[in-house]
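Here the structure comes first, spelled out in structure tokens, and everything after it is commentary.
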Amino acid sequence: MSNESSVMSRQSSVRKNPPFLLKVKNLSVDFRSHGKSISAVESVNYDACAGETVAVVGESGSGKSVTALAIMGLIRKPGILRSGMVKFDGKDLLALSSRQRRKYMGRNLSMIFQEPATSLNPSFSIGQQITEVLKLHENLNHAQRHNRALDLINEVGISDPVKCLKLWPHQLSGGMNQRVMIAMAISCNPSLLIADEPTTALDVTVQAQILDLLRSLQQKNNMGMIFITHDLSVVSNIAHRVVVMYAGQVVENCPTTELFQQPQHPYTEALLKSLPTKNSYKNKRLYSIKGSPPKAGERLSGCRFYSRCNYAKNNCREESPKLINDLQSNYRAVRCFYPLTNATNHMLDLFDDSLA
Amino acid sequence: MSKADTSTEIYDLTPWQETWVKFRTNRIAALGLLVLLILIISAIFAPLLVTHDPHEQFTDILLAPPFWADGSQSGFFLGTDDLGRDMFSRLIYGARYSLFLGFAIVSLALFFGVAIGAIAGMKRGLLETVILRLMDIMLAIPAILLAIVIVALLGASLMNAAMAVSIVLLPHFVRITRAAVITEMNKDYVLSAKLDGSRGWKLLFQTLLPNISAPLIVQSTLSFSNAILDIAALGFLGLGAQPPTPEWGTLLSSSREFIEVAPWTVTLPGLAILITVLASNLLGDGLRDALDPRIDPL
Amino acid sequence: MPQHLLHRLLLVIPTFFGIVALTFLLIRLAPGDPILLIAGEHGVSAERYAELQQQFGFDQPLFIQFADYLWQVLNGNLGRSVVTQTPVLEEFSNLFPATLELALIAIILAVLIAIPAGVLAAVKRNTIIDHSITAVSLVGYSMPIFWWALLLILLFSVNLGWMPVAGRLNFIYDIESVTGFMLIDTLIAGDKDAFFDAVHHLILPAIVLATIPLAVITRMTRSAMLEVLKQDYIRTARAKGLSEFSVIFKHALRNALIPVITVIGLQTSILMTGAILTETIFSWPGIGKWLLEAVYRRDYPVVQGGVLLIAGLVILVNTVVDLLYVLINPSLRQQK
């Protein structure tokens with residue numbers, strides 16, 4: 001199966017079932033520092049259906065991870081959840097008491113992280129850490145938990161599960177630890193998995209294996225998945241839909257194929273242009289976006305991408321664009337006064353190149 | 001000045017200035033420094049500050065209470081002891097013993113500790129092993145016990161007690177210096193100094209010492225408070241300063257029997273010890289946070 | 001057994017050897033005639049002098065003397081007290097349970113308060129609770145405990161009359177020494193009043209002796225917890241849906257305890273120092289008071305033997321702590 005056809009087949013399943021599994025509405029997170037509030041995430045909206053993989057893409061500091069942590073209720077001081085709603089399975093997670101929310105976390109809704117090596121507790125064996133989730137959320141006896149843990153280890157593709165359960169995190173490689181993290185995350189068959197840059201800290205060969213594993217688990221269990229990454233080239237392989245974030249805001253939200261065919265936001269276009277292609281070694285310099293993203297706490301009037309945008313017009317500096325649904329298709333949205341339209345052919349070429 | 005200004009400011013500073021900026025923001029540590037400075041100044045200018053000769057006995061004013069209690073005598077605002085000596089004057093003179101001895105003890109331990117530690121770190125091999133074993137042995141003997149042994153051998157006097165405490169503090173400096181020297185020896189700047197022909201003591205003092213001074217400074221401050229405590233404890237046990245020396249621990253021990261009738265003769269010297277030790281610990285903690293050397297906090 | 005554990009155990013031998021050498025030199029380094037030192041201040045007859053000289057082998061070369069001393073030590077012969085003529089080892093073992101009882105109660109008290117306090121301070125970082133705990137532990141850490149003991153006596157014994165001033169047990173009770181632990185012996189004797197009297201006598205000395213370890217362990221627990229709470233695996237534990245209680249006391253504390261246990265072990269030395277002061281002030285019949293009195297009386301065989309035994313004890317505990325450190329730390333345990 002070629003990459004392209006995999007994307008096409010993913011496209012077909014998108015948004016046939018409008019009841020949303022997860023709906024993030026107007027989520028804002030601030031960080032307090034030296035008595036000042038710095039906005040990390042500003043009124044973020046996105047959603048995910050059952051069985052759908054949504055990739056959240058953005059540079060570091062764009063607020064993609066903070067949003068995910070907020071969904072999980074993991075924002076700690078100095079972070080403060082300013083406003084917003086996270087509807088999951090019909091309930092607003094943020095309105096629940098922490099005791100009620102914990103019933104969902106790790107069971108219906110689980111998360112894996114960027115650094116597998118430090119995300120596992122060094123003082124507990126792999127077996128202890130996996131069975132802990134089962135003990136917490138499932139009504140199983142000791143032997144059943146053990147067997148379930150063996151099955152899970154098997155499922156994430158680790159040979160010799162019996163031995164693995166007895167090992168300690170420091171005895172496993174980063175890739176193996178991430179498999180263990182995945183086993184822990186899927187142990188109660190969650191309907192939604194949040195993967196926060198799960199492959200960033202891993203070797204390239206291992207990255208591909210972990211991606212394959214996540215994709216196959218997602219398809220097999222019909223899990224919803226929020227896949228956070230800064231790497232757009234990974235997205236085409238795994239996601240049905242892409243949410244692009246910039247400086248704490250969602251700037252574009254669009255099905256994967258259409259995004260690659262025709263990005264509407266200048267930032268998305270710039271991101272796609274800066275992907276290496278098979279031609280990029282030919283005396284062509286890799287495209288890079290001019291300037292740098294605004295620093296946290298920098299107050300901006302107007303469009304946050306204004307200073308780096310190739311298409312900026314005068315009103316972009318004063319007025320802040322809103323995230324507006326595309327009039328032709330109600331499943332994509334963009335935060336731009338002048339969405340791009342005619343770049344299609346050019347971008348398609350680029351898309352083919354980047355995947356070859 | 002806003003916080004943002006301070007943070008940009010730091011970039012243009014030398015490491016020592018940067019430390020000072022960080023230290024300045026730590027109010028508690030600054031308080032410790034202030035208290036210590038006041039104590040040092042009163043110790044230096046003790047003759048000008050005191051109201052009486054610390055040894056003069058006013059035999060008609062025995063055990064007069066301090067100014068807040070009934071029956072206090074004017075002119076003796078912290079009261080008098082069992083021999084009618086002015087408590088305030090004795091306490092001020094006591095600061096001389098504690099502080100100057102503290103400095104002397106720490107300087108001695110620092111000097112020999114750095115020398116021995118540097119030899120261990122630079123020469124390595126058998127000599128290093130022997131030195132480390134020796135330090136382990138010294139650390140295995142509880143501080144006061146080792147001091148007691150030394151005092152038992154050499155006799156009870158303030159000087160012997162000071163020497164004993166200095167020896168007790170030595171192993172910490174040796175270990176810190178050795179560890180720091182070994183770390184630094186592998187760095188390129190030391191290699192380049194070596195290629196320039198710098199070796200031995202020259203290499204140590206010109207190249208290494210400025211770069212390993214942070215943990216040594218912190219250890220010195222913390223050792224200073226230990227030295228004051230140990231000297232006072234030995235004085236209290238009768239193994240350090242001998243009466244009528246107005247050393248704080250000795251004052252405490254000679255007033256012990258009057259604790260019921262004249263509690264201030266016991267509480268005041270102890271308070272003086274506590275305040276001094278607390279101030280130097282605050283300073284030490286602040287310096288550790290500012291310099292951030294990776295040394296064991298204990 | 002992993003190699004470094006073996007290595008750690010083997011290191012005990014030269015250290016112990018060094019302690020023996022140090023105590024051997026103790027008498028010989030002292031100014032004056034060592035025989036007169038051993039004999040005490042009262043002077044000796046010529047025969048007694050010759051007898052002592054032969055007994056201690058001072059007529060032999062230093063090397064032979066040391067070999068002999070080492071042999072005696074290994075055979076458990078530490079000489080006799082000049083004052084009481086009792087073997088040093090016997091006096092030590094009679095008095096040691098009193099010190100051990102006091103030290104154990106003190107360290108248990110310290111750990112039971114310090115660990116929750118340290119955890120609380122870390123969890124409530126930069127709140128008034130944290131600042132209070134930090135301030136109190138800093139004062140405790142800076143406390144001259146001999147003064148602290150006197151203050152407690154002044155308040156609770158002199159002014160309030162709640163606590164006895166000195167000793168282990170009121171003289172009206174006659175309890176047979178079985179274990180040497182007064183709390184246990186009074187229970188064995190079945191004398192409830194005596195038991196409570198023993199507890200009563202223990203309270204103030206135990207508080208005094210616990211003060212510094214309490215402060216040190218609180219500080220260490222706080223800083224270790226702060227370090228651990230920043231770690232990624234704490235976020236993972238929360239993401240699993242564990243309660244904050246489990247996150248802190250199971251996932252965080254387990255890792256924070258690794259350095260804390262080392263620090264608890266290192267308190268042996270501090271406890272022995274404290275015991276000398278505490279026992280002297282409270283007239284507690286333990287080895288601290290015994291050793292100090294031996295120094296006052298220039299009873300050199302007791303000083304020599306006492307130092308050797310106490311240092312040996314500290315080395316033993318430190319070694320056990322080091323081994324324990326490896327055992328509780330999975331990443332060290334598995335090394336070859």
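The values are calculated or read from the model by the stated rules, or taken from the named source; none is laboratory data. What you are looking at is a predicted structure, and each value in this text was computed from that prediction instead of being measured. Note: ideal-geometry Cβ built from the backbone for every residue, glycine included; neighbour counts use all protein chains shown. These area figures cover heavy atoms from the full protein model, side chains too; ligands, DNA and RNA do not enter into them. Shrake-Rupley method; radii C 1.70, N 1.55, O 1.52, S 1.80 Å.
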> With solvent modelled as a 1.4 Å probe, how much accessible area in total do chains C and A shield from it at their shared surface, in Å² to the nearest 100?
Replying inline: 2300 Å²
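Measure off, as a whole percent, the carbon and sulfur share of the 1.4 Å-probe accessible area of chain C, all protein chains present.
Numbers: 10090 of 15310 Å².
So the carbon and sulfur contribution to the accessible surface is 66 percent.
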> What order, most packed first, do the peptides C:270-281, A:35-46 have when packing is the mean number of other Cβ atoms within 10 Å of each residue?
Replying inline: C:270-281, A:35-46
> Farthest toward the dipole's positive end in the stretch B:92-290, which of B:235, B:255, B:109, given Cβ charges of +1 (Lys, Arg) and -1 (Asp, Glu) about the Cα centre?
Replying inline: B:109
> What residues qualify as long-range amide H neighbours of residue A:241, i.e. H under 5 Å apart, gap of 5 or more or another chain, H built at 1.01 Å from N?
Replying inline: A:53, A:55, A:256
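Run the helix sum for the protein assembly as shown: -39,500 (n - 2.57) per DSSP H stretch of 4+ residues, divided by residue count, reported at 222 nm to the nearest 500 deg cm²/dmol. Don't skip to the end; give the middle numbers.
Numbers: 40 runs with 576 residues, N = 990.
Taken over the protein assembly as shown, the calculation gives -19000 deg cm²/dmol.
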>> If I take R0 = 35 Å and measure r between the Cβ atoms of residue C:320 and residue A:77 in this structure, what FRET efficiency does the formula 1/(1 + (r/R0)^6) give, to the nearest 0.05?
In response: 0.35
> Taking chain C as a Gaussian network, Cα atoms linked when under 10 Å apart, which of C:161, C:79, C:265 shows the biggest mean-square fluctuation?
Replying inline: C:161
> Taking the alpha-carbon set of the stretch C:103-191, what are its Rg and Dmax in Å?
Replying inline: 18.1, 53
> In whole Hz, what ³J(HN,Hα) sequence does the stretch C:76-84 give by Karplus (6.51, -1.76, 1.60; θ = phi - 60°), x for Gly and Pro?
Replying inline: x, 9, 10, x, 10, 5, 5, 7, 9
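Can you give me the accessible area per residue for chain B, using a 1.4 Å probe, in Å²?
Numbers: 13510 Å² over 298 residues.
Per-residue accessible area for chain B comes out at 45 Å².
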> So what's the angle, to the nearest 10 degrees on a 0 to 90 scale, between helix C:46-56 and the longest Cα principal axis of chain C?
Replying inline: 40 degrees
>> Just want the answer: with Cβ charges of +1 for Lys and Arg and -1 for Asp and Glu, which residue in B:21, B:182, B:62 is farthest toward the dipole's positive end in chain B?
In response: B:182
> Which value, in nm² and rounded to one decimal, describes the direction-averaged projected area of the C-alpha convex hull of the stretch A:132-270?
Replying inline: 9.8 nm²
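Per-residue mean of other chain beta-carbon atoms within 10 angstrom of the beta-carbon, peptide A:174-180? Provide the component values of the computation, followed by the final result.
On the way: counts 0, 0, 0, 0, 0, 0, 0.
Mean number of neighbouring Cβ atoms from other chains: 0.
Structure shown: which of A:77/C:240; A:36/A:64; A:77/A:166; A:64/C:230 lie over 27 Å apart, alpha-carbon to alpha-carbon?
A:77/A:166, as the Cα separations exceed 27 Å there.
Give me the accessible area per residue for chain A, probe 1.4 Å, as a whole number in Å².
Values: 16220 Å² over 356 residues.
Here the residues of chain A average 46 Å² of exposed surface.
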> Among A:133-142, B:261-270, how do they line up from the highest to the lowest mean number of other beta-carbon atoms within 10 Å?
Replying inline: B:261-270, A:133-142
>> Keeping every protein chain present and rolling a 1.4 Å probe, give me the accessible area per residue for chain C in Å².
In response: 46 Å²
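If I compute solvent accessible area with a 1.4 Å probe over the protein chains, what percent of it on the stretch A:117-180 is carbon and sulfur? Present the calculation step by step, with values, prior to reporting the outcome.
Working: 1480 of 2850 Å².
Answer for the stretch A:117-180: carbon and sulfur cover 52 percent of the accessible area.
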> At a Förster radius of 35 Å, what calculated FRET efficiency corresponds to the Cβ-Cβ distance of residue B:184 and residue C:6, to the nearest 0.05?
Replying inline: 0.65
> Quick one: Cα centre-to-centre distance for the stretch B:193-259 and the stretch C:152-218, in angstrom?
Replying inline: 35 Å
> Could you give the angle, 0 to 90 degrees to the nearest 10, between helix C:88-123's Cα long axis and the longest principal axis of the Cα atoms of chain C?
Replying inline: 20 degrees
>> Over 5 Å intervals from 0, what percent of Cα-Cα pairs in the stretch A:2-253 sits in each interval?
In response: 1, 6, 13, 17, 19, 17, 13, 8, 3, 1, 0
> Within the stretch A:55-93, whose backbone N sits under 19 Å from a point 7 Å along Cα→Cβ of residue A:219?
Replying inline: A:55
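Near residue C:54, within a Cβ-to-Cβ distance under 12 Å, what is the net charge of the other residues, with Lys and Arg +1 and Asp and Glu -1? Intermediate values should be presented prior to the final figure.
Numbers: positive: C:48; negative: C:47, C:51, C:59, C:68.
Net of charged neighbours comes to -3.
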> Cα centroids of the stretch A:177-232 and the stretch C:88-130: how far apart, whole angstrom?
Replying inline: 47 Å
> Got a sec? Which residues of the stretch B:232-259 lose 10 Å² or more of accessible surface with every protein chain in place, vs. that chain alone, 1.4 Å probe?
Replying inline: B:233, B:236, B:237, B:239, B:252, B:256, B:259
> Going through the DSSP H helices of chain B, which span 15 Å or more along their own axis at the Cα atoms while scoring at least 1.0 as a mean Kyte-Doolittle hydropathy?
Replying inline: B:27-44, B:87-123, B:125-140, B:143-154, B:158-185, B:209-236, B:264-291
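Under the definition of partner shielding as Cβ atoms of other protein chains within 10 Å of a residue Cβ, what is the mean value for peptide A:118-131? Provide the component values of the computation, followed by the final result.
Working: counts 5, 8, 3, 13, 8, 15, 7, 1, 0, 0, 0, 5, 0, 0.
Mean number of neighbouring Cβ atoms from other chains: 5.
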> Label residue B:72 and residue B:133 with points 7 Å out from Cα along Cα→Cβ: what is the distance between them in nm?
Replying inline: 6.1 nm
> About its Cα centre, what dipole magnitude does the protein assembly as shown give when the only charges are +1 on Lys and Arg Cβ and -1 on Asp and Glu Cβ, stated in debye to the nearest 20?
Replying inline: 4700 debye
>> Need one number: the % of Cα-Cα pairs in the protein assembly as shown sitting beyond the 59 Å mark.
In response: 27 percent
> Separation between the residue A:25 and residue A:85 pseudo-spin-labels, each 7 Å from Cα along Cα→Cβ, expressed in nm?
Replying inline: 0.2 nm
> With a 1.4 Å probe, how much accessible area is buried between chains C and B, both sides summed, in Å² to the nearest hundred?
Replying inline: 3800 Å²
>> For chain C, take the longest principal axis of its alpha carbons; what is the angle in degrees between that and the long axis of helix C:62-74, to the nearest 10 within 0 to 90?
In response: 60 degrees
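Residue C:254 to residue C:62: FRET efficiency via 1/(1 + (r/R0)^6), r the Cβ-Cβ distance, R0 56 Å, to the nearest 0.05? Show your work: numbers first, answer last.
Values: r = 52 Å, r/R0 = 0.94.
Computed FRET efficiency for residue C:254 and residue C:62: 0.60.
Could you estimate the translational diffusion coefficient of chain B from the Stokes-Einstein equation, with Rh from the Kirkwood formula over C-alpha pairs, at 10 °C and 1.306 mPa s, in whole µm²/s? Write out the running numbers ahead of the final one.
Values: Rh = 21.3 Å.
Estimated via Stokes-Einstein, D reaches 74 µm²/s.
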>> Considering all alpha-carbon pairs of chain C, what whole percent are spaced by more than 39 angstrom?
In response: 28 percent
> For the pair residue A:318 and residue C:50, how long in nm is the line joining their label points, each one 7 Å along Cα→Cβ?
Replying inline: 12.0 nm
> Along the stretch A:33-46, what does the Karplus equation 6.51 cos²θ - 1.76 cosθ + 1.60 (θ = phi - 60°) give for ³J(HN,Hα), rounded to whole Hz, x for Gly and Pro?
Replying inline: 8, 6, x, 10, 9, 10, 7, 9, 9, 10, 6, 7, 10, 7
> Within a Cβ distance under 12 Å of residue B:171, other residues only, what is the Lys/Arg minus Asp/Glu net charge?
Replying inline: +2
> Say the cut-off is 21 Å between C-alpha atoms; which of A:23/A:220; B:123/B:194; A:25/A:290 go over it?
Replying inline: A:23/A:220; A:25/A:290
